[in-house]
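Every number in this text was worked out from the coordinates using simple rules, so none of it is lab data. The structure presented is a predicted model; accordingly, all values stated were derived computationally and were not measured.
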Amino acid sequence: MTPAKTLRIDRIACTGRGLCGELLPELIDLDEWGYPIIKGSAVPDRLRAHARRAVAACPRLALHADDAPM
């Protein structure tokens with residue numbers, strides 16, 4: 001069984017470009033300034049590939065997918 005993944009945002013590194021929200025709208029909303037708001041930190045299995053793509057595409061490396069604590 002693969003460990004569950006959770007999303008987190010480095011609020012200091014994030015500049016609010018909104019790319020993560022465009023690539024992963026199922027889990028990330030954008031506020032009125034373009035900064036991400038994570039809807040639910042747990043990443044469902046069906047969205048793992050999309051989450052990896054959003055993490056890799058972040059121009060400021062502010063989006064992270066971590067193993068969930070047990």
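Calculated from the structure at hand, log10 I(q)/I(0) by the Debye sum over Cα atoms at q = 0.14, 0.18, 0.23 Å⁻¹ is found among (1) -0.49, -0.74, -1.03; (2) -0.36, -0.59, -0.96; (3) -0.70, -0.86, -0.96 as (2). Between the amide H of LEU30 and those of ILE37, distances stay under 5 Å, these residues lying 5 or more places away or on another chain, with hydrogens modeled in the peptide plane.
Our coupling estimate for segment 52-65, obtained by passing each phi through the Karplus curve with A = 6.51, B = -1.76, C = 1.60 and θ = phi - 60°, is 4, 5, 5, 4, 5, 8, 4, x, 9, 6, 9, 9, 10, 10 Hz, Gly and Pro reported as x.
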